[in-house]
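Encoded as structure tokens, the structure appears first; notes follow it.
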Amino acid sequence: MKASSALGVSGAEDKMRIILLGPPGAGKGTQAKVLAEKLKLTHISTGDILRQNVSKGTQLGKQAIEFMNKGLLVPDELVTKMLTEMFDQPDAKKGFILDGFPRNIGQAQTLDDILKQRNMSIDMVAYLDASEPVIIQRLTGRLVCSACGANFHTKNMPPKKDMICDNCGSSLYQRADDQVETIKNRLEVYQKESAGAIQYYEKQKKLHRLDADEEAETVINNIIHLTAQYNDSPKV
Ligand code: ADP
Ligand code: ZN
């Protein structure tokens, strides 16, 4: 694609540190996966890491599952510990896209502290804004691959074979928290918690708002456009 070849994969841009903010169903996971590949960045999804811990039955997974199934936030100290470990992995040094973190102002401040200790900082925050009917339609139809994590949708993006992943052939499932009632809880929690984080990045002049009701490809191109602007300006 034109935008990605213009950006290239080496140079300052491969060290970019990007946050995707926005409500559940805005498409953060979908966009982050594509962007990570195009921009050669590490995709860090706190939701995915938590779900992996749940399916492996780790201590963290056992502590997190009851919060996740109710659509509540997992307590900050658990998520922070998990994330700190991620930033000590060599992959994080290549630059990253954070998806699902931070979710409140406390997590935003903690993130800055963790990064500062490692001589890193956030370059830009893309805020994916989506409307409630779109969110509910996307989440109630979402199908997730049990092996590779790829996302499909019963109507918007159906798999070629019923309930089978196009990428790896494993079975697809519906997330336990993608039921209408739980989605409404997640949206409520999101509205209450995220305002502080949004303001935090607005004050730092790092926040860019995007219309995430648009098609995935449009949103991705808009984000790539933003990253290109960043790479044009001098950067430490
Ligand atoms: P969504 O953004 O669609 O709710 P995620 O996959 O990002 O989906 O998160 C699923 C669940 O994992 C959340 O409802 C929450 O319980 C937990 N979770 C993910 N990220 C965080 C976080 N940063 N802080 C607390 N809980 C989190
Ligand atoms: Zn798969």
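Of LYS56, LYS40, LYS28, the residue with the greatest mean-square motion in the GNM of the chain, using alpha carbon springs below 10 Å, is LYS56.
How much length is gained if the chain between LYS94 and SER55 is pulled fully straight, taking 0.36 nm per residue apart and subtracting their Cα-Cα distance, in nm to one decimal? Numbers along the way, then the final one.
On the way: separation 39, 0.36 × 39 = 14.04 nm, distance 2.77 nm.
My answer for the length gained is 11.3 nm.
For the chain, the mean residue ellipticity at 222 nm estimated from helices alone is -15500 deg cm²/dmol, where every DSSP H run of n ≥ 4 contributes -39500 (n - 2.57) and the total is divided by all residues, rounded to the nearest 500. Placing +1 on each Lys and Arg Cβ and -1 on each Asp and Glu Cβ, with no other charges, gives the chain a dipole about its Cα centre of roughly 360 debye. Label positions at LYS155 and LYS70, each projected 7 Å from the Cα along the C-beta direction, are separated by 3.2 nm.
Once fully extended, how much extra length lies between GLU132 and GLU181, figured as 0.36 nm per residue of separation less the alpha-carbon to alpha-carbon distance? Write down the numbers at each step before the final one.
On the way: separation 49, 0.36 × 49 = 17.64 nm, distance 1.32 nm.
Between GLU132 and GLU181, full extension yields an extra 16.3 nm.
In the chain, a dipole from Cβ-located charges (positive for Lys and Arg, negative for Asp and Glu) runs towards its positive end, and of PHE87, PRO75, LEU35 it is PHE87 whose Cα lies farthest in that direction.
Between LYS33, LYS161, LYS81, the residue with the greatest mean-square fluctuation in the GNM of the chain (Cα pairs under 10 Å linked by springs) is LYS161.
Using DSSP, restrict attention to beta bridges with both residues in the chain and report what percent are antiparallel, rounded to the nearest 5. Mind showing how you got there, number by number?
Values: 7 of 24 bridges.
Of all bridge pairs located within the chain, approximately 30 percent are antiparallel.
Assign unit charges at the C-beta atoms only (+1 for Lys and Arg, -1 for Asp and Glu), then state the dipole size of the stretch 75-137 relative to its Cα centre in Debye, rounded to the nearest 20.
On the way: 6 positive and 11 negative charges, 45 e Å.
It works out to roughly 220 debye.
What the Cα atoms of the stretch 138-236 give is an Rg and a Dmax of 17.6, 49 Å. For the chain, the residue among GLY169, ALA216, MET157 whose Cα projects farthest onto the positive side of the dipole built from Cβ charges is GLY169.
Rg and Dmax, both from the Cα atoms of the chain and both in Å, are 17.2, 49.
The GNM of the chain, with springs linking C-alpha atoms under 10 angstrom apart, assigns the highest mean-square fluctuation among GLY95, GLY149, GLY22 to GLY149. In this simple spin-label approximation, ASN167 and GLU77 carry label points 7 Å from Cα along the Cα→Cβ vector, and these lie 3.5 nm apart. The mean sequence separation of alpha-carbon pairs under 8 Å and at least six residues apart, normalised by the residue count of the chain, gives a relative contact order of 29 percent.
Exposed loop positions in the chain were taken to be GluC sites (Glu not before Pro) whose DSSP state is not H, G, I, E or B and which have at most 16 other beta-carbon atoms within 10 angstrom. Between these positions, the longest stretch is 1-213.
Read the figures in this text as sums done on the coordinates, not as results from a lab. What you are looking at is a predicted structure, and each value in this text was computed from that prediction instead of being measured. Reconstructed Cβ throughout: ideal geometry from the backbone, glycine too, with neighbour counts over all protein chains shown.
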